[in-house]
Amino acid sequence: MKIRALLIIIFFASLSYAQVTPTQNLPVVEPDEVGFNQDSLNNLDDFIDDFKQRDYRALIVIKDDKLAIEYYYNSFWRNHIHDIRSAGKSITSLLLGVAIQEGYVTDLEQNVYSFFSKDKYPSINEDYKNIKLIHLLNMVSGLDADSDDNTTPGNAGRWIANDEWLNYLLSVPAARKPGDKWVYADINAVLIGAIIEEKTGLSLKEFARRHVFEPLAITEFYWYKNASNQTGGAGNLYLSALDFAKLGYLVVNDGKWGNKQIVDPNYVNRLLKENTSAIGDYNPLADGYGMLWYKSTRMFGTDEIEYLWASGNGGNHLVVIPEKNLAVAMTSGAYGNWYPHERAYKILIKVIQALKETR
């Protein structure tokens, strides 16, 4: 840790390992000012430094509207953007709440078919008349798509490399009744993004920039678009770890940033409460799923804590704990492995146990 801190001081004079310059509407404080035990955080920092794999990137904690922890590892720092993979699905979900706030979408009971013109998209399947936005958000759309089964017509391998994918996606049929079964499939999040694009006339990337990223002072990011200006709402979003954490704190703060209401507050309330336990053992770290976010309840010391979290391949996690006014962002480049997810959970345990009120 001391070597890393020294290098940061030499090369980036504005940085220290635990505290840097403030960002817009997000003052920096010493961790103990918002209830953290510094000795516990030092132990956590050493724990991360000792990882055999050199693929961990950053740990950011926002608590009580303040930036309390900002640790970087393995040559990463504040200005580096990083591929958060499928954690981008949860950001796409937030953007739907923004579209509702801005009046582009009415409610989650609207069926998917109603957002697209048959004249413009002649291939649209009639099955979409029975699939609602909430079905897409909860991964219970019933569409014949499965991210883990490349034989299904809606699997991303069938369309992700195309210059235009919406016409194909809208032709994918249902394999079962909407709401009957939870199946993890990228198509659900991509369709949410496509609906936002269709209603606003903007790419999802541009909609995010105007309505969310600019108000949150997020200036450096990358989001993959195909040749038809369609954004990959299921992932392919690169953010800095700090900006990743800011997006999580939007949920903690009922969709507000500073004095600006960015995400519809009723949508945020539903995002917090919507939960299906039908995911089974798909992700052993989760108890349920809803609104493109995982949901969990765990014991931390003597506290039973409910939280929701975005999860991306490689160990990219964004954890939101409203009852603690806490958002924790973790970035990692260990793509294609399971261990970074378990590692992220161990780090989360240590972050929460470092709070004085849980000791």
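Only the coordinates and a few stated rules stand behind these numbers; no lab work does. Since the model is a prediction, treat every value here as computed from it, not as a measurement. All Cβ positions, even for glycine, are placed from backbone atoms using ideal geometry, and neighbour counts span all protein chains on display.
Here are a few things to note about the model shown:
- Expressed as a fraction of 2.2 N^0.38 Å, the C-alpha radius of gyration for the chain is 0.98.
- Cross-link pairs exceeding 22 Å between alpha carbons, from the set 66/225; 256/324; 89/132: 66/225.
- Relative contact order (%) - criterion: Cα under 8 Å, at least six apart; region: the chain: 21
- Helices in the chain, meaning DSSP H runs of at least 4 residues, each add -39500 (n - 2.57). Divided by all residues, the mean residue ellipticity at 222 nm is -8500 deg cm²/dmol.
- Ordered by the number of other Cβ atoms lying within 10 Å of each residue's own Cβ, fewest first, 116, 207 fall into the sequence 116, 207.
- Under a 5 Å amide H cut-off, with hydrogens placed 1.01 Å from N, residue 36 pairs with 356 among residues at least 5 apart or on other chains.
- Per-residue extension of 0.36 nm, minus the Cα-Cα distance of residue 220 and residue 273, leaves a gain of 15.9 nm for this segment.
- Interchain or long-range residues, amide H under 5 Å from residue 82's placed H: 239, 240
- Low-density loop positions, GluC sites (Glu not before Pro), the range 62-129 - DSSP coil, at most 11 other Cβ in 10 Å: 109
- Theoretical gain in end-to-end length, residue 25 to residue 261 [0.36 nm per residue, Cα-Cα removed]: 83.6 nm
- Theoretical gain in end-to-end length, residue 38 to residue 181 [0.36 nm per residue, Cα-Cα removed]: 46.9 nm
- Backbone geometry of the range 171-182 corresponds, through the Karplus equation with coefficients 6.51, -1.76 and 1.60 at θ = phi - 60°, to 3J(HN,Hα) couplings of 8, 5, x, 7, 9, 7, 5, x, x, 7, 8, 8 Hz, x marking Gly and Pro.
- Cut-off under 5 Å, modelled amide H: who pairs with residue 175 long-range: 143, 144
- Vicinal HN-Hα couplings computed from phi for the range 56-67 (Karplus, 6.51 cos²θ - 1.76 cosθ + 1.60; Hz; Gly/Pro x): 7, 10, 7, 10, 10, 10, 10, 9, 6, 6, 9, 7
- Taking 297, 152 and counting other C-beta atoms within 10 Å, the order from fewest to most: 297, 152
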